[in-house]
Amino acid sequence: MDTNNSDKMKTHTETNNTITSDTDAPMVAKVSPAAKNTLLILNCILLSIGNCGGPLIMRLYFLHGGNRVWLSSFLETGGWPVIIIVLIILYFHRRATGKDRNNKRTKFIYMRPRLFLAVAFIGIITGLDDYLYAYGVARLPVSTSSLIIASQLGFTAFFAFVLVKQKFTAFSINAVVLLTVGAAVLALHTSGDRPEGESKKKYVMTVAASALYGFVLPLIELTYNKAKQEITYTLVLEIQMVMCLFATMFCTVGMIVNNDFKVIPEEATRFGLGETKYCVQAL
């Protein structure tokens, strides 16, 4: 599962824990401070591991003979079934504690059809973003691609201002300017670290991935605001699962069109680190 998507969960967990009937704000279930801090810390740990380890593993794949971009895109969100396990645990926990006592039955799925369609659309956009990111990482050094992806902060700030009216502060403006300018300078003057024979196309694709991801994060926040239902931890996980599911489906179609499923067994046998590590890396 692509742990970069933990950013989306973090966007929600930092939301004020109050219940409101205002249609322009999400109805958020009350969470104890201890539970909130525990979930936030866990999310930060997973986010740190994913942001550091994900690009390294992906680059390792391409350095040792891998060249299936759609496969790499698929693996970014392919771990979505893990969320089902967590949802099952939460379901039995609600049944045991009677948290759904106002209902005749304990609900297993909270997401309503209208919200499902919105999240599915975001998932497809996420799948496209996965492909753009993998396309850039396929040839760029990890340090270079990471710095370019850092420009995501600027795109996120811009789209957050447009979509959810997020206000700018002196600190956010300073961070956005420094990171964005740094990434722009890197993209324009990269002849020294560009692999031989590679054009600027990989840099452009990586910047596009950064921009698209910067659009997705505020779009998720906007979805929370327009959901018109109580935003619980279970619902957030459902949103994550559906989003990753549709992103994975999008990449699966790309793999089918590109004949990746036919080539993967052969590629595994030729992988520089061995077939076993090829399979472990995919997992």
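May I ask you to say which residue of Arg139, Arg94, Arg114 is over 16 Å from the mean Cα position of the chain (by Cα) and part of a loop (DSSP other than H, G, I, E, B)?
Result of the check over Arg139, Arg94, Arg114: Arg139.
Got at least one residue in the range 131-148 being closer than 26 Å to Gly254 by Cα, at pLDDT below 80, surrounded by 13 or more Cβ atoms within 10 Å (Cβ to Cβ) and among the basic types (Lys, Arg)?
yes
Return a yes/no flag: does the range 219-228 have any residue that is modelled with pLDDT of 80 or more, over 13 Å from Val119 (Cβ atoms), open to solvent by 40 Å² or more (accessible area, probe 1.4 Å) and not aliphatic (A, V, I, L, M).
Yes.
Quick check: is even one residue across the range 59-73 assigned to a helix (DSSP H, G or I), open to solvent by 70 Å² or more (accessible area, probe 1.4 Å) and modelled with pLDDT of 50 or more?
Scanning the range 59-73, I find at least one residue that is assigned to a helix (DSSP H, G or I), open to solvent by 70 Å² or more (accessible area, probe 1.4 Å) and modelled with pLDDT of 50 or more, so the answer is yes.
Among the residues of the range 190-203, is any under 20 Å from Thr156 (Cα atoms), surrounded by fewer than 17 Cβ atoms within 10 Å (Cβ to Cβ) and modelled with pLDDT of 75 or more?
Scanning the range 190-203 turns up no residue that is under 20 Å from Thr156 (Cα atoms), surrounded by fewer than 17 Cβ atoms within 10 Å (Cβ to Cβ) and modelled with pLDDT of 75 or more.
Determine whether the range 42-54 contains at least one residue that is in contact with a strand residue (DSSP E or B) (Cβ under 7 Å, 6 or more places away or on another chain), modelled with pLDDT under 80 and either farther than 22 Å from Leu237 by Cα or open to solvent by 50 Å² or more (accessible area, probe 1.4 Å) (or both).
no
Would you mind listing the helices (runs of 4 or more DSSP H) fully within the range 229-283 where at least 3 residues are crowded, with 17+ Cβ neighbours inside 10 Å?
The helices (runs of 4 or more DSSP H) meeting that bar are 233-257, 260-270.
Could you check Cys52 against (1) free of Cβ contacts under 8 Å to residues at least 24 places away in the same chain; (2) closer than 19 Å to Phe246 by Cβ; (3) of a type outside the set (Val, Ile, Thr) and say which number it fails?
Of everything listed in (1) free of Cβ contacts under 8 Å to residues at least 24 places away in the same chain; (2) closer than 19 Å to Phe246 by Cβ; (3) of a type outside the set (Val, Ile, Thr), Cys52 misses just condition (2).
Somewhere in the range 95-110, is a residue open to solvent by less than 70 Å² (accessible area, probe 1.4 Å), closer than 28 Å to Met255 by Cα and not aromatic (Phe, Trp, Tyr)?
no
The values are calculated or read from the model by the stated rules, or taken from the named source; none is laboratory data. Only a predicted model underlies this, so the values are computations on that prediction, with no experimental measurement involved. Note that each Cβ is placed from the backbone with ideal geometry, even for glycine, and that neighbours are counted across all protein chains shown. The protein model used for the area step is the full one, side chains on, heavy atoms only, and it has no ligands, DNA or RNA in it. Shrake-Rupley method; radii C 1.70, N 1.55, O 1.52, S 1.80 Å.
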